[in-house]
Every structure is written in structure tokens, then in C-alpha cells.
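To keep things clear, I will list the structure first and then write my remarks on it.
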Amino acid sequence: MALLPILRYPDPRLHKIARPVSAFDERLKKLVEDMADTMYDAPGIGLAATQVDVHEQVIVIDVSETRDQLQVLINPEIVWASDDLQVYEEGCLSVPGIYDGVERPSRVRVRSADLLGKTHEFDAEGLMAVCVQHEMDHLKGKVFVEYLSPLKRNRIKTKLQKEERELRRDKQALDAR
Ligand code: K1U
Ligand code: ZN
């Protein structure tokens, strides 16, 4: 089991655009296993490769209550989105402690590949639809706070930068002991 460090907003690497996966090999399988371990450990219901500083189109999701229904989406595309929208209070492992409402299409049809490179299409609604769209935004370099007002976003940025400085100071103090 390997846990990967998760980038924290406002790290500029969260804004990189992920490239499509072309090699469905052992390295990809290991990345997916490590991402799943990291998501379950956090805990989260999704994780995009961008968040662990790997800029390839890979997502893991598990929205089940039993936490045993891992879904792996490689090179995902939204091929249809409903006109009706829903607002959901979103969170993000890269923006710890912050939750806010984001409006998105309530249903989407997704085309993506599995670990063997085989293409699948499926319909998502409810939390799965929210999570897929949130994770696909990460692959495009977009973090959910970018849907919020500039005032809210700046407050979040300042709060997380302060926390980051404090974390770094605590670590330095520990290392110096
Ligand atoms: O992308 C991420 O950082 C993961 C994020 C996914 C997400 C949550 C809510 C709405 C949209 C997308 C999270 O998992 S945040 C943590 C969370 O919501 C949660 C954690 C454990 C159990 C249930 C929810
Ligand atoms: Zn996120």
C-alpha cells in the first residue's frame, strides 16, 4: 500500500492540464492502486491524478456507503449532460475543511476506458454525477472554488496559505528536536 501526497490549493500544479493515457501497462495499474489507497485513506469519494501531481487523465471514485465499489475512469469524456441542474455542497481533498454549493448538470453520460484500455459508456446521476464532474474538472486544471465568488475564493486562499505556513513551521520545529 502506498499513500501519495495530495497537493493543496492554491498550489499552481493543480492548474495543469492532464494528458490522455496512451499506455495501459503495469505503471498505470500501480498508479491506480496507489490513488485508490490514497482516496480511501483520506477519506474521500474521488481522486484525480492531478491532485497527486500526475498529469494524466486518471480518476478513481467510490461513492458507495460500503466503500467497496471502486470505479476507475481513464481518459473520461462527458458525451451528454442534462439541461436540468442540481446544487450540491462540494468538498475537495485539495481544499481541506471547505465545503460550498456548486451548480452542475444533474445527469451526465460518460465515456471512459478501463485499465485494459476497453471503452465503456455509463449514465451517472446524484452524487456520482457530481463527483465525476468535480474530478473531470481537476483533469482540466479547475478546482471547485473557482465556481465561487472572487471574495470567497480569496478568503479560502488566505486561510489555506496561513494553515500551510503553520504546518511548515510545526514540521521545522519537530525536525529541529
Ligand atoms: O476531488 C476530491 O478532492 C475528492 C472529493 C470529491 C467530492 C466530494 C463531494 C462533492 C464532489 C466531489 C472528496 O471526496 S471530499 C471528502 C468527502 O466528500 C467525503 C469523504 C468521506 C465520506 C464522504 C464524503
Ligand atoms: Zn477535488
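The values are calculated or read from the model by the stated rules, or taken from the named source; none is laboratory data. In this text the structure is predicted, and so the values were computed from the model without any measurement. Cβ coordinates were reconstructed from backbone atoms using ideal geometry, including for glycine residues, and neighbour counts include every protein chain displayed. Surface areas here come from the heavy atoms of the whole protein model, side chains and all, with no ligands, DNA or RNA. Shrake-Rupley method; radii C 1.70, N 1.55, O 1.52, S 1.80 Å.
The HN-Hα couplings worked out from phi for segment 159-173 by the Karplus form 6.51 cos²θ - 1.76 cosθ + 1.60 (θ = phi - 60°) are 4, 6, 5, 5, 4, 4, 4, 5, 4, 5, 4, 4, 5, 4, 5 Hz, whole numbers, x standing for Gly and Pro.
Counting protein heavy atoms only, the chain has 51 percent of its accessible area on carbon and sulfur, 1.4 angstrom probe. Cys131 contributes an accessible area of around 10 Å² to the protein surface, as traced by a 1.4 Å probe with all chains present. Answer rounded, prolate or oblate for segment 54-101, using the Cα gyration tensor with square roots of eigenvalues a ≥ b ≥ c: rounded when a/c is under 1.5, else prolate when a/b is larger than b/c, else oblate. Judged from the Cα gyration tensor, segment 54-101 comes out rounded (a/c under 1.5). What is the distance, in nm, between label points placed 7 Å from the Cα along the Cα-to-Cβ direction at Arg107 and at Arg67? Placing both labels 7 Å along Cα→Cβ, they lie 3.1 nm apart.
Entry comment: accessible area of segment 31-177 is 53 Å² per residue, from protein heavy atoms only and a probe of 1.4 Å. Packing, taken as the mean count of other beta carbons within 10 Å per residue, orders the peptides 12-19, 170-177, 58-65, 72-79 from highest to lowest as 58-65, 72-79, 12-19, 170-177. Computed extension length for Val87-Thr158: 23.0 nm, one decimal, from 0.36 nm per residue of separation with the Cα-Cα distance subtracted. Of all lysines in the structure, the ones whose alpha carbon falls short of 24 Å from that of Lys142, not counting any fewer than 8 places away in one chain, are Lys16, Lys152, Lys157, Lys159, Lys162. Candidates Ser106, Cys92, Gly117 compared by Cα position along the dipole of the chain: farthest toward the positive end lies Cys92, with charges placed on Cβ.
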